[in-house]
1. For the range 71-115, enumerate the residues that are among the polar types (S, T, N, Q) and surrounded by 15 or more Cβ atoms within 10 Å (Cβ to Cβ).
2. Which one of these does S44 not meet: (1) more than 28 Å from the chain's Cα centre (by Cα); (2) surrounded by 12 or more Cβ atoms within 10 Å (Cβ to Cβ); (3) modelled with pLDDT under 65?
Amino acid sequence: MYFMSTYTCNGLDEVIDILVKYAWPSNVRELENFIYRMVILYESQQIGSADIPDYMKFTLSHAHSLKRILEEVEQDYIQAVLASVNGNKTLAAIISGVDRKTLYDKLKVMAVQQT
């Protein structure tokens with residue numbers, strides 16, 4: 001809300017929801033620069049959600065982040081391969097194309113996550 005008090009512009013309230021939900025992957029400076037550009041570009045107009053870039057409107061909750069989704073797919077794959085070779089971890093590592101130690105490390109992480 002600091003930026004709202006520093007840069008005021010009619011209609012900014014419409015887009016606060018989008019801006020709050022956006023992850024701002026760089027840092028706070030990116031947010032400040034974005035607000036500054038919006039104020040300059042729309043100095044005499046109202047800012048609406050249509051003025052916000054589409055990539056900022058699409059957000060996923062932290063629970064469904066890409067990293068988490070990929071981890072789930074990897075876990076499902078490892079479990080399927082292990083089931084297909086009756087639990088033989090050496091063979092599962094070969095089929096998966098990973099080192100046996102890597103497979104053991106991933107299984108340890110999976111066991112911790114399940115507890």
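The values are calculated or read from the model by the stated rules, or taken from the named source; none is laboratory data. This one's a predicted model, so the numbers in the text were calculated from it and none came from an experiment. Because the Cβ atoms are built from the backbone with ideal geometry, glycine has one as well, and the counts that use them run over all protein chains shown.
1. Those that are among the polar types (S, T, N, Q) and surrounded by 15 or more Cβ atoms within 10 Å (Cβ to Cβ): Q75, S96.
2. Here S44 meets the rest and fails (2).
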